[in-house]
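Only one structure is covered here, and it is reproduced in the block below.
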Amino acid sequence: MSDKILEIENLTVSFDGFKALNQLNFSMEAGELRVIIGPNGAGKTTFLDVITGKVQPTTGRALFKGKNLRSKSEHRISRLGIGRKFQTPRVYLKLTPRENLDLSCNRHKNVWATLLGRPAQSERRTVAGLLDTIGLATKSDIPAELLSHGEKQRLEIGMLVAQSPDLLLVDEPVAGLTDEETENVGNLLLTLAEDHSIIVIEHDMEFVRQIARQVTVLHQGAVLCEGSMEEVQRNPQVIEVYLGQPEDSDG
Amino acid sequence: MADTSPLNAQRPRRLRQTSLMMEVGIVIVIALLILFVVPLLLTAFGQEFRINMLGRFMALAIVALGIDLIWGYTGMLSLGHGVFFSLGGYAFAMFLQLQLPEGELPEFFTLYGVTELPFFWQPFHSLPFALAALILIPALVAALLGYLVFRNRIRGVYFSILTQASLIVFFHFFNSQQELINGTNGLKTDTAKIFDVYAGSDQAQSVFYTLTVVGLVLAYGLCRWLTSGRLGKLLIAIRDDESRVRFSGYNPTGYKVLVFAVSAGLAGIAGALYTVQSGIISPKTMDIAFSIEMVIWVAVGGRASLVGAVLGALTVNFAKSILSEQFPEIWLFFQGALFLIVVTVLPGGFVGWLRTQGQDLFRSLIGRRRRLMTYPRLAEDPEVEYERQNLRN
């Protein structure tokens, strides 16, 4: 067993001949916080789709803690310990934040346990603690549809943590947030990084600078370069394909 | 405090238990009223035939509960519940048809020259088997169909079309098999004897009426249990965002199969109770229109509200029978209009409206202020309270 939590080997995903991912190699250590950046269409979201079982790789393989993820369905991969946050916040709108978290927190996710089981005391404590962490304690019992966009983003991250996964995949967590909310989410992720491995996909360069330790740049379905934020920013190839253009829009 | 009540869902356990006891009490009182008082009242007003009507409509309310479970809570629109309803009805009608002296065959068999009882009729000599079959056969058919459909992630409109297609298949099978189940004529039950009493007699009918009330109460209790607690929340989660549910580590297939099967089982019970009170079961209950009507009851009463489903089934059916007595030609127009109104003006059905705008309207009618939606802690905040009391213009 290696202590790599995620290894991707020669991964190719092609949709009708179009290669969304092309011979991609990637690996990360347990406990790492990794930011993946790349221009639109670089294959960032497809990359997450493969890891979480939504898309099957055409060739190559993805290993999580040494286990091959091929042809495992989404819920099995989730139970292995991979949690995913989507680009737009996806929470259950008709349920309250507490119920949202409780469903994710449930340890036994088969039909009978859910039907007959009562939430354990420890699970209730976890949920209450999480509500504090994501700053929704005062709004814990109103329908989630009444929450603001930023609150929904935080709730979804909370739902991820409630699953107690080993690896968190976070897709553009600060899209559409105000500066203050962005900083909140950044701090939340940094706190979580203390005891989780996290992959963050992000466009917002300010935000990437706030949280990034190790950055991977994707371009045309393959890894262009890897390194600290400074190294990446100095890399001429990266400047050419990515940082050069959106820099002005990100201020 | 009262102003923020809908937001205080997480009440102390003792309070929740009290309100649960209240609900149980209310349901029992209503059941007793329907059992003992309503028949007397209807008889006193010379409307005895409405007792039987009420019994049949309460049987239909059981189907409505099942439809609410699968459509209102889980978000899957089934247009094929007529199949499960009829399977339940046929199962019990077959038992009643076999209540004959040793060696005799049900009358219709001789008309078609059948001399030996078909093999699948044999077990229906037994009452326990028939009772189990009227629940389990629909439930198993639904579970099998559901498993194949849900495993392949067929959802939404495609699921609705599939259920309707299976309805047509079953209709044609039952309609054409005269030698097996009397085809289009169906099975009559009122001339059959059960425990030495004719099923159509007043005595038997009042027993069936009682059984229907008990069945409705039990069905309500079952649905109430299923929809409260984690499973109920998960059903709503599946309705709102099924793939999020997958990524949270749940496999929705099992849950959907369970709900579909329970819903079909309820339809089976309803079918049996309806059949014995109307005296016949025929392939007409597998009409496409009848299954769509079932959905209309729930839509009118209020999706995702169990009380709404029951009230919807009772009101629409009583409206139907009263209006079609008075104006036989226009009932169908009225039904269409009702559905259009509900879909466009009251998307939450009648109960949904009562819970939201209805309450506000009522409060303004009796001269009180509208409810304020606010965060509970905000309402308890002393500074906010101070502002509210002293800084109002």
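The values are calculated or read from the model by the stated rules, or taken from the named source; none is laboratory data. Nothing here was measured: the structure is a model prediction, and the numbers come from that model. Backbone-built Cβ (ideal geometry, glycine too); neighbour counts: all protein chains shown.
For segment B:211-234, which residues satisfy the criterion of being surrounded by 16 or more Cβ atoms within 10 Å (Cβ to Cβ), away from chain A (no Cβ under 14 Å) and not hydrophobic (A, V, I, L, M, F, W, C)? Scanning segment B:211-234 gives B:T212, B:G215, B:Y220. Is one or more of the residues making up segment A:219-230 on the phi > 0 side of the Ramachandran plot and surrounded by fewer than 19 Cβ atoms within 10 Å (Cβ to Cβ)? Yes.
Just the residues that are touching a residue at least 40 places away in the same chain (Cβ under 8 Å), of a type in the set (V, I, T) and either in contact with a Phe, Trp or Tyr (Cβ under 6 Å, 6 or more places away or on another chain) or not in a strand (DSSP E or B) (or both), please, taken from segment B:180-200. Across segment B:180-200, the qualifying residues are B:I181, B:T184, B:T189. Those helices (runs of 4 or more DSSP H) of segment B:331-393 in which 1 or more residues are at pLDDT below 75 and closer than 14 Å to B:I296 by Cα are absent. For B:H81, indicate whether it is in contact with a helix residue (DSSP H, G or I) (Cβ under 9 Å, 6 or more places away or on another chain) and farther than 22 Å from B:L60 by Cα. Against the criterion (in contact with a helix residue (DSSP H, G or I) (Cβ under 9 Å, 6 or more places away or on another chain) and farther than 22 Å from B:L60 by Cα), B:H81 does not qualify. The single condition from (1) under 25 Å from B:G55 (Cα atoms); (2) within 14 Å of chain A (Cβ to nearest Cβ) that B:P347 fails is (1). Only residues that are touching a helix residue (DSSP H, G or I) at 6+ places or on another chain (Cβ under 8 Å) and either over 27 Å from B:M53 (Cβ atoms) or small (G, A, S) (or both): list them for segment B:182-200, please. Those that are touching a helix residue (DSSP H, G or I) at 6+ places or on another chain (Cβ under 8 Å) and either over 27 Å from B:M53 (Cβ atoms) or small (G, A, S) (or both): B:G183, B:G186, B:A192, B:A199. Close contacts from segment B:234-245, counting a first residue that is over 12 Å from A:L93 (Cα atoms) and in contact (Cβ under 8 Å) with a residue 24 or more places away in the chain and a second that is crowded, with 21+ Cβ neighbours inside 10 Å and of a type in the set (F, W, Y), with Cβ to Cβ under 6 Å and a gap of 6+ residues or different chains, come to B:L235/B:Y73.
Of all the listed residues (A:Q233, A:Q214), the sole one being touching a helix residue (DSSP H, G or I) at 6+ places or on another chain (Cβ under 9 Å), closer than 13 Å to A:M28 by Cβ and either modelled with pLDDT under 90 or surrounded by fewer than 18 Cβ atoms within 10 Å (Cβ to Cβ) (or both) is A:Q214.
Only one entry in A:I36, A:I51 is surrounded by 20 or more Cβ atoms within 10 Å (Cβ to Cβ), modelled with pLDDT of 85 or more, aliphatic (A, V, I, L, M) and over 24 Å from B:G249 (Cα atoms), namely A:I36. For B:A264, indicate whether it is away from chain A (no Cβ under 14 Å) and surrounded by fewer than 19 Cβ atoms within 10 Å (Cβ to Cβ). No; evaluated as a whole, the condition is false for this residue. Out of B:G232, B:G215, B:G254, B:G249, one residue alone is out of contact with any Cys (no Cβ under 6 Å at 6 or more places or on another chain) and assigned to a loop (DSSP other than H, G, I, E, B). It is B:G249. So how many residues does segment B:235-246 have that are of a type in the set (D, E, K, R), part of a helix (DSSP H, G or I) and over 16 Å from B:S305 (Cβ atoms)? Matching residues across segment B:235-246 total 4.
Residues that are under 17 Å from B:G80 (Cα atoms) and crowded, with 20+ Cβ neighbours inside 10 Å occur in segment B:298-305; there is at least one.
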